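The values are calculated or read from the model by the stated rules, or taken from the named source; none is laboratory data. Just so it is clear, the model here is predicted, and its values are computed rather than measured. Don't worry about glycine lacking a Cβ; one is built from the backbone with ideal geometry, like all the others, and counts go over all protein chains shown.
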Amino acid sequence: MILTWKHRFWILPPILIAIIALILLSQTKKPPQKRVTAEHAVKAMTIIVPKILLIPKSIGYGMTEASRTWEAVAEVDGQINWVSDKFKSGHLIAQGTDLLHIDETKHQLALSQVDAESEALEIKDLAIRTSLKLEERSYTSLKKDIERKRKLLKQNTISSSDFETAERSLWKSESLVQNLKNTLAYNNSERKLLEIQKQKAQIDLDNTRFIAPFDVRITYKKINLEQYANKGQLLFSADDIRHVEVEARFPVGKLRPLLSKQNTINYINELPALERVPGAVKLNALVRLRTATHTLEWKARVDRVSGIIDPETQSIGVVVIVDDPYEQAQPGKRPPLLRNTFVEVELSQTPETKSVVIPVSAIHNGQIYIVDQAQRLKIRKIKTSLIQDNVAVITKGLEEGETLVVSKLIPAIEGMLLDTIEDKKALKRLKKTAL
């Protein structure tokens, strides 16, 4: 169908209106608005870094044992004819207490025999001395007589045979005097021998009694009343209750911080060369017994260090001694330290200067997280000189009074905004552990 000019006229107005609307819309349209997003702060637990006295210490473990043990061995044989009422395993025995007797009859007889022989020897000596005095008088008289006859012989007043007879009498008297003196000398030797026999018999008699040489606790008993004790037999054992020692094992590297303090070095240098050993170091010692319900502690002193290092564990034994553990005992509260008790031994050094300390958990691959004044995260590298009991001593990279992040940040991005909360409990735990 062919459109007339009238129909074409009605098409143009809508087109013109649309063009005008597009032009006006493009001129009045506003540019796109920028949308501002607020920065989100990450919550973090922090502490103010303290500078406090850290006590260097090391923990070892060992078994208790008596510092002295009395092993009662029979030095004479015989039947047991008396025992004390306290002669029982576990009893505490005071020094000087009589515990056990071996039959002493034969040893008393031996003493009586020696006394009788000594008395007989004295009587024999008395008789010999009397005879000696008489014979010495006779010898003196014969000596004078021979001198007189020698003069008469020169004058040919007596015969040679008479002179020889008198001379033989003098020699016989001289020999008898000498024999009597020899007998006295022999008797004197016999007397010394009898004295030795008497001392031996007295020692054997003394060895029939067993008297506690110090305060002890009986730990082992192998003999009873009326039983026969053989010489060399172990009758019983007892432990000294005044001192208890523990040989605790420590890794060699764990003792290094304790032995490297300046006051320790000065102390060692003042000692003679033979005493400059780890055992001479003045360390503080504490023996600790942990049970299911409570923990008990005893002050101790370092006595010595074992002479060798364990080749398997590379550990060394340090012997500490607890004095008077039984006097410290309290029934129902604090037991005494008995033999073969497994205990913990803490060695520590008196601190000299304050140190910057932080929790080990705040260290991340040799780095720490710090909060700056703008509340943003800073990451720093640090150096430590000592780590013990979840506490680290910082020597480089951190100063006292700075704010340290002690909680985990995932992820940790340097410069990120932090919403900090001071962790007072963590700081309190840190100070308590360090001291």
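Using beta carbons and a limit of 7 Å, which pairs, at least six apart or on different chains, have the first residue in the stretch 289-311 and part of a strand (DSSP E or B) and the second one crowded, with 16+ Cβ neighbours inside 10 Å and acidic (Asp, Glu)?
Arg290/Glu344; Asp303/Glu245; Ser306/Glu247
Evaluate the stretch 381-390: report whether one residue or more is more than 24 Å from Ser348 (Cα to Cα) and assigned to a helix (DSSP H, G or I). Walk me through how you get there before you give the answer.
Kept after step one, since they are more than 24 Å from Ser348 (Cα to Cα), are these residues of the stretch 381-390: 381-382.
Among the residues that remain, those that are also assigned to a helix (DSSP H, G or I) are: none.
There is no residue in the stretch 381-390 that is more than 24 Å from Ser348 (Cα to Cα) and assigned to a helix (DSSP H, G or I).
Being of a type outside the set (D, E, K, R) and closer than 30 Å to Arg301 by Cα, is that true of even one residue in the stretch 400-423?
no
I need the full set of residues from the stretch 312-330 which are assigned to a strand (DSSP E or B) and loosely packed, with under 15 Cβ neighbours inside 10 Å, in order please.
Going residue by residue through the stretch 312-330, those that are assigned to a strand (DSSP E or B) are 315-323, 330.
Asp323, Gln330, listed by residue number.
Of everything in the stretch 109-128, what is surrounded by 15 or more Cβ atoms within 10 Å (Cβ to Cβ) and either part of a strand (DSSP E or B) or of a type outside the set (A, V, I, L, M, F, W, C) (or both)? Give them in sequence order. Step through it out loud before you land on a result.
Taking the stretch 109-128 as the starting set, the residues that turn out to be surrounded by 15 or more Cβ atoms within 10 Å (Cβ to Cβ) are 110-111, 114, 117-118, 121, 125, 128.
Selection gives Glu117, Ser118, Asp125.
Count, please, the residues in the stretch 402-418 that happen to be in a loop (DSSP other than H, G, I, E, B), surrounded by 12 or more Cβ atoms within 10 Å (Cβ to Cβ) and aliphatic (A, V, I, L, M). Can you show your working first?
Let us first name the residues in the stretch 402-418 that are in a loop (DSSP other than H, G, I, E, B), namely 402, 406-416.
Going one step further and asking which of them are surrounded by 12 or more Cβ atoms within 10 Å (Cβ to Cβ), we end up with 402, 406-409, 412, 416.
Retained after the next criterion (residues that are aliphatic (A, V, I, L, M)): 406, 409, 412, 416.
Summing the residues that are in a loop (DSSP other than H, G, I, E, B), surrounded by 12 or more Cβ atoms within 10 Å (Cβ to Cβ) and aliphatic (A, V, I, L, M) in the stretch 402-418 gives 4.
Could you tell me which residue of the stretch 343-366 is nearest to Glu400 (Cα to Cα), considering only residues that are buried (at least 18 other Cβ atoms within 10 Å of the Cβ) and not hydrophobic (A, V, I, L, M, F, W, C)?
For the stretch 343-366, the residue satisfying everything is Ser355.
Where residues in the stretch 206-227 are among the acidic types (Asp, Glu) and at negative phi, which of them is surrounded by the most Cβ atoms within 10 Å (Cβ to Cβ)?
The residue in question is Asp215.
Which one of the conditions (1) farther than 18 Å from Leu258 by Cβ; (2) surrounded by 13 or more Cβ atoms within 10 Å (Cβ to Cβ); (3) modelled with pLDDT of 90 or more does Pro336 fail to meet, given that it meets all the rest?
Of everything listed in (1) farther than 18 Å from Leu258 by Cβ; (2) surrounded by 13 or more Cβ atoms within 10 Å (Cβ to Cβ); (3) modelled with pLDDT of 90 or more, Pro336 misses just condition (3).
Results for (1) in the same structural domain as Leu258 (by TED's automatic domain parsing); (2) closer than 29 Å to Ser58 by Cα; (3) at pLDDT below 90, shown as yes or no for each residue.
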| residue | (1), (2), (3) |
| --- | --- |
| Arg376 | no, no, no |
| Ser385 | no, yes, yes |
| Val391 | no, yes, yes |
| Ser407 | no, yes, yes |
| Pro411 | no, no, yes |
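Hey, any hits in the stretch 175-193 for a residue that's surrounded by 11 or more Cβ atoms within 10 Å (Cβ to Cβ) and either touching a His at 6+ places or on another chain (Cβ under 7 Å) or within 30 Å of Ala229 (Cα to Cα) (or both)?
Among the residues of the stretch 175-193, at least one is surrounded by 11 or more Cβ atoms within 10 Å (Cβ to Cβ) and either touching a His at 6+ places or on another chain (Cβ under 7 Å) or within 30 Å of Ala229 (Cα to Cα) (or both), which makes the answer yes.
Starting from residues that are of a type in the set (A, V, I, L, M) and within 12 Å of Asp239 (Cα to Cα), keep the ones in the stretch 80-93 and report whichever is surrounded by the most Cβ atoms within 10 Å (Cβ to Cβ). Walk me through how you get there before you give the answer.
Filtering the stretch 80-93 for residues of a type in the set (A, V, I, L, M) gives 80, 83, 92-93.
After this cut, where a residue has to be within 12 Å of Asp239 (Cα to Cα) as well, the list is 92-93.
Values: Leu92: 14, Ile93: 22.
Restricting to residues being of a type in the set (A, V, I, L, M) and within 12 Å of Asp239 (Cα to Cα), the top hit is Ile93.
Going by the conditions given, is Gly332 touching an Asp or Glu at 6+ places or on another chain (Cβ under 6 Å), small (Gly, Ala, Ser) and either outside the structural domain of Thr219 (by TED's automatic domain parsing) or farther than 26 Å from Ser89 by Cα (or both)?
For Gly332, the condition - touching an Asp or Glu at 6+ places or on another chain (Cβ under 6 Å), small (Gly, Ala, Ser) and either outside the structural domain of Thr219 (by TED's automatic domain parsing) or farther than 26 Å from Ser89 by Cα (or both) - is not met.
Could you list all residues from the stretch 419-435 that are part of a loop (DSSP other than H, G, I, E, B) and among the aliphatic types (A, V, I, L, M)?
Leu435
Could you tell me which numbered condition Ile203 fails, if it satisfies all but one of (1) surrounded by fewer than 14 Cβ atoms within 10 Å (Cβ to Cβ); (2) of a type in the set (Val, Ile, Thr); (3) over 54 Å from the mean Cα position of the chain (by Cα)?
(3)
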